[in-house]
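Peer 1: One structure, pasted below without further comment.
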Amino acid sequence: MEKGMLVLGLVAIMVVGVVVVVESSVEGEEVSYDGRSLIINGQRKLLFSASIHYPRSTPEMWGSLIGKAKEGGIDVIQTYVFWNLHEPEKGQYDFSGRADIVRFIKEIQAHGLYASLRIGPFIEAEWNYGGLPFWLHDVPGIVYRCDNEPFKVHMQNFTTKIVNMMKSENLYASQGGPIILSQIENEYEMVEHAFHEKGPPYVRWAAQMAVALQTGVPWMMCKQYDAPDPVINTCNGMKCGVSFPGPNSPNKPWIWTENWTTWYRAYGKEPETRSAQDIAFQVALFVARNGTFVNYYMYHGGTNFGRTTSAFTTTSYYDDAPLDEYGFIRLPKWGHLKQLHEAIKSCSNPILFGTQFTLSLGQQQMGYIYQRNSGECAAFLVNQDDTKSVAVIFHNSSYELGPSSVSILPDCKNVNVKNNTRLITTGKKFNESEMWQEFKDIIPTFADTSVRSKTLLEHVNTTKDMSDYLWYTF
């Protein structure tokens, strides 16, 4: 991890110790939260999470991906649930192969990690139709994602099916499983205004519907500042360390649902990347400001197989993530974040149980200090000036803060700094023909077709999204 600094002001911020408990009658770990963090079995937790989407890799890859995430200092694996993958036709479900979500969650549990389940069921995710199945298009009177009864009926049916499936496999933490957090809807505040009076009631309904399913773990809504209690509102983006104003209640924890590790690629556009240093700076700043849950989107992007990708998005998804499309470790990003996690975890006790103070160290320099009654102390010295290094005085000692950097002091004295060592090893050689498989498109013949028309047909209504092609023979 590169040497850097983070600063907090001299104003003491007392964290209110009100705990919201999600009741469950089933044996397992109780999951609740307060204004500092999620609380699992009575213990506050500082958690780093990784987005890995089960349909964007093969089941044979899942164990390796999760294992590498754990080695990188990850505590939680987060995934969306893909409605149109699981219910491509109304009432006909598929949970096999890459759609075997139960197997994926159990793989997370087998590695000793927690899981975060973002049900949506609208997910965006650069996925075809944002995860909504095409057959919804033919439901009479339907208007997506608003206070519309036909849509709410089908949304509730699918959400309930997923929750009941998780319950039947004892996968919620309240049952002894790994799932500690769920999400309903997705970034709705960005479009809510377009639905006028039909938007706010939908938000309230979605929250109430989700909570009523009694999963035994908290629910969240990302980018939804007015998320109704007890649902937690969270932040998405690259700069939540700077931009997030905090949750809408002092009794809710600071959660960063999507820390974008790069940017997905679109055909015709130049690739965009994000440095490990910039990611680490924002994470350290978010934690310094009171954050205790950070999820990397994506930690492994994988592949948009078949016709699953949204318009103009490449089949390779977030290839510049800490694990590349094929699951190989991408350095220095993976290693840099691993060291960041170690440095922040060395401050866990003061962060989770201490009193927070902030201290101004300059025009763009701040110190964030966490102090326990026992004297245990941790500090983040921050320089938000991206043009120059600055020397600051903290606790009668001088510290050199690099541009856009955070220096982590686990004892409020010594900077936690490690040097990176790059090691390249061969994982697997694909040097035999038996290790490759060929996929071919099935091209129908005229005799196999059944649709006849004397006029041109509208594409999507004709294919029902089962094909990108509508061929005409005259």
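Peer 1: Taking Cα centroids, how far is region 153-199 from region 201-243 in Å?
Peer 2: 10
Peer 1: Which number do you get for Rg(Cα) / (2.2 N^0.38 Å) in region 301-457? Don't skip to the answer; put the middle values down first.
Peer 2: Working: Rg = 26.7 Å, N = 157, 2.2 N^0.38 = 15.0 Å.
My calculation over the Cα atoms of region 301-457 gives 1.78.
Peer 1: On a 0 to 90° scale, report how tilted helix 149-168 is relative to the longest principal axis of the chain, with both axes built from alpha carbons and the result rounded to the nearest 10.
Peer 2: Its long axis makes an angle of about 70 degrees.
Peer 1: May I ask you to order 70-79, 351-360 by the average number of other C-beta atoms within 10 Å around their residues, highest value first? Spell out each step's value before the answer.
Peer 2: Values: 70-79: 21.7, 351-360: 18.3.
Result, highest mean first: 70-79, 351-360.
Peer 1: Hey, another quick one. Please list 159-165, 301-307 highest first by mean number of surrounding beta-carbon atoms within 10 Å per residue. Display every interim value, and only then the final one.
Peer 2: Working: 159-165: 17.0, 301-307: 19.0.
Highest-to-lowest ranking by the protection proxy: 301-307, 159-165.
Peer 1: A further question on this structure: Please list log₁₀ I(q)/I(0) at q = 0.07, 0.08, 0.12 Å⁻¹ for the chain, using the Debye equation with identical point scatterers on the alpha-carbon positions.
Peer 2: Values returned for q = 0.07, 0.08, 0.12 Å⁻¹ are -0.40, -0.51, -1.09.
Peer 1: Follow-up. Can you send over the carbon and sulfur percentage of the accessible area for region 358-474, probe radius 1.4 Å, protein chains only?
Peer 2: Details: 4640 of 9120 Å².
For region 358-474, the apolar C and S fraction of the accessible surface comes to 51 percent.
Peer 1: Taking the Cα centre of the chain as the origin and placing charges on Cβ (Lys, Arg +1; Asp, Glu -1), which of 316, 257, 142 is farthest toward the positive end of the dipole?
Peer 2: Going by the charge dipole, the pick is 257.
Peer 1: Under a 1.4 Å probe, what is the accessible area of region 31-353 per residue, stated in Å²? Intermediate values should be presented prior to the final figure.
Peer 2: On the way: 10860 Å² over 323 residues.
Heavy-atom accessible area per residue stands at 34 Å².
Peer 1: Calculate what fraction, in whole %, of the accessible area of region 75-120 sits on carbon and sulfur atoms when a 1.4 Å probe is rolled over the protein chains. Write out the running numbers ahead of the final one.
Peer 2: Working: 670 of 1590 Å².
Ligands and nucleic acids excluded, carbon and sulfur give 42 percent.
Peer 1: While we're on this one: Could you check what % of the DSSP bridge pairs in the chain are antiparallel, to the nearest 5?
Peer 2: Details: 39 of 72 bridges.
Beta bridges within the chain, antiparallel portion: roughly 55 percent.
Peer 1: Return the Rg/Rh value of region 355-409, two decimal places, where both radii are evaluated on C-alpha atoms and Rh is the Kirkwood radius. Working shown, then result.
Peer 2: On the way: Rg = 11.3 Å, Rh = 11.4 Å.
The Rg/Rh ratio comes out at 0.99.
The values are calculated or read from the model by the stated rules, or taken from the named source; none is laboratory data. This structure is a prediction, so every number in the text was calculated from the model and none was measured. All Cβ positions, even for glycine, are placed from backbone atoms using ideal geometry, and neighbour counts span all protein chains on display. Areas reflect the complete protein model, heavy atoms only, side chains present, ligands, DNA and RNA absent. Shrake-Rupley method; radii C 1.70, N 1.55, O 1.52, S 1.80 Å.
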